[in-house]
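Peer 1: Would you mind keeping the following structure in view while I ask a few things?
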Amino acid sequence: MKATAIVLAGSRPGRDPLAERFGIEIKALIPVGGEPMVRRPVKALLASDRIGDVIVVAQDVEALGSELPKDKRLTFRESGGTIAATIEMLCFDRDLAWPLLVTTADHALLDEQIISEFLDGAAGADVAIAVVERENLQKRLPQSKRTWLKFRGGAFTGANLFALSSPKVLPAIELWRSVEQDRKKSWRLIALAGPGVMLGAALRLLTIEKVLERLGAKLRLTIRPVRMSNSLAGVDVDKPEDHALVEAILSGRA
């Protein structure tokens with residue numbers, strides 16, 4: 001079964017320092033490797049034999065549409081106020097084909113191999129979250145600075161890839177929506193699994209798999225991390241140094 005891909009290409013409220021640095025209004029259109037950034041993940045998704053339709057979600061769909069390939073599988077939707085609200089809105093679309101793969105416009109190094117590995121790892125889970133282990137990423141890119149969540153057995157960063165199996169995941173999206181504006185939302189989500197899980201995670205007594213398993217039990221869902229072997233899955237373009245790193249990778253200098 002092919003997944004429907006959702007590409008989140010909306011802008012955050014207020015000014016975007018990275019977009020301003022390049023003299024443009026929309027972050028998704030920042031040039032990367034000689035083309036608008038959003039075009040790179042969209043092309044990878046369209047090229048993958050694991051993906052059916054691709055939906056790009058943004059506030060200014062007209063501006064993005066003019067920069068993307070012409071393909072009958074590619075459509076556009078206007079985004080909601082937040083990421084969670086946008087995904088929740090899409091989930092109520094009766095014509096939406098499940099399962100969903102959700103990614104972001106700044107996932108500039110996304111490729112077919114990463115997509116396939118993630119979907120293979122997500123099979124059978126209600127919600128799957130791609131992660132990259134710190135040791136794996138720093139071995140290849142020691143200069144990369146990420147945000148790390150530490151568990152028993154390793155520290156991990158997110159890889160901007162999520163798999164949602166069916167509309168039954170709505171409780172998880174509603175939970176995300178309730179904490180999305182909190183800059184420490186990852187730990188708030190873990191805390192919702194109970195004080196024992198929160199303490200176990202804080203003291204690194206629990207693996208990332210066990211923490212998500214217990215959080216899923218609260219929601220009556222199977223939530224699973226997918227450890228990505230390709231460390232580039234954990235690189236996005238959110239800061240000037242990220243942009244420089246991705247350009248260096250694409251040109252073979254990193």
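The values are calculated or read from the model by the stated rules, or taken from the named source; none is laboratory data. Remember, predicted model here, so these are calculated numbers, not experimental data. Please note: Cβ atoms are built from the backbone with ideal geometry, for glycine as well, and neighbour counts cover all protein chains shown.
Peer 1: I'd like to know if the stretch 63-74 contains one or more residues that are crowded, with 16+ Cβ neighbours inside 10 Å, under 16 Å from the mean Cα position of the chain (by Cα) and either among the hydrophobic types (A, V, I, L, M, F, W, C) or part of a helix (DSSP H, G or I) (or both).
Peer 2: Within the stretch 63-74 (the criterion being crowded, with 16+ Cβ neighbours inside 10 Å, under 16 Å from the mean Cα position of the chain (by Cα) and either among the hydrophobic types (A, V, I, L, M, F, W, C) or part of a helix (DSSP H, G or I) (or both)), the answer is no, since none of the residues qualifies.
Peer 1: Kindly indicate the residue of the stretch 171-228 that is buried (at least 19 other Cβ atoms within 10 Å of the Cβ) and among the β-branched types (Val, Ile, Thr) and also modelled with the highest pLDDT among those meeting that condition.
Peer 2: In this case the residue turns out to be Val226.
Peer 1: Output the residues belonging to the stretch 50-76 that are touching a helix residue (DSSP H, G or I) at 6+ places or on another chain (Cβ under 8 Å), among the charged types (D, E, K, R) and closer than 27 Å to Glu117 by Cβ.
Peer 2: Scanning the stretch 50-76 gives Arg50, Asp71, Arg73.
Peer 1: Restricting the first residue to the stretch 131-148 and requiring it to be of a type in the set (Ser, Thr, Tyr), which pairs with a second residue that is in a helix (DSSP H, G or I) and crowded, with 18+ Cβ neighbours inside 10 Å meet a Cβ separation below 7 Å and a spacing of at least six or different chains?
Peer 2: Sorted first by the residue in the stretch 131-148, then by its partner, the pairs are Ser144/Leu137; Ser144/Leu245.
Peer 1: Is it true that some residue in the stretch 84-98 is crowded, with 19+ Cβ neighbours inside 10 Å and at pLDDT 95 or above?
Peer 2: No, there is no match, as no residue in the stretch 84-98 is crowded, with 19+ Cβ neighbours inside 10 Å and at pLDDT 95 or above.
Peer 1: Could you look through the stretch 14-48, keep only residues that are assigned to a loop (DSSP other than H, G, I, E, B) and in contact (Cβ under 8 Å) with a residue 60 or more places away in the chain, and pick out the one that is farthest from Asp111 (Cα to Cα)? Outline the logic, then answer.
Peer 2: Initially, the stretch 14-48 is screened for residues assigned to a loop (DSSP other than H, G, I, E, B), giving 14-16, 22-26, 30, 33-34, 37-38, 48.
Narrowing the set further to residues that are in contact (Cβ under 8 Å) with a residue 60 or more places away in the chain leaves 30, 33, 37-38, 48.
Values: Ile30: 19, Gly33: 14, Met37: 13, Val38: 13, Ser48: 8 Å.
The qualifying residue farthest from Asp111 (Cα to Cα) is Ile30.
Peer 1: Which condition number does Gly80 fail, the rest of (1) in contact with a Gly (Cβ under 9 Å, 6 or more places away or on another chain); (2) closer than 22 Å to Arg177 by Cα; (3) in contact (Cβ under 8 Å) with a residue 40 or more places away in the chain; (4) of a type outside the set (D, E, K, R) being met?
Peer 2: (3)
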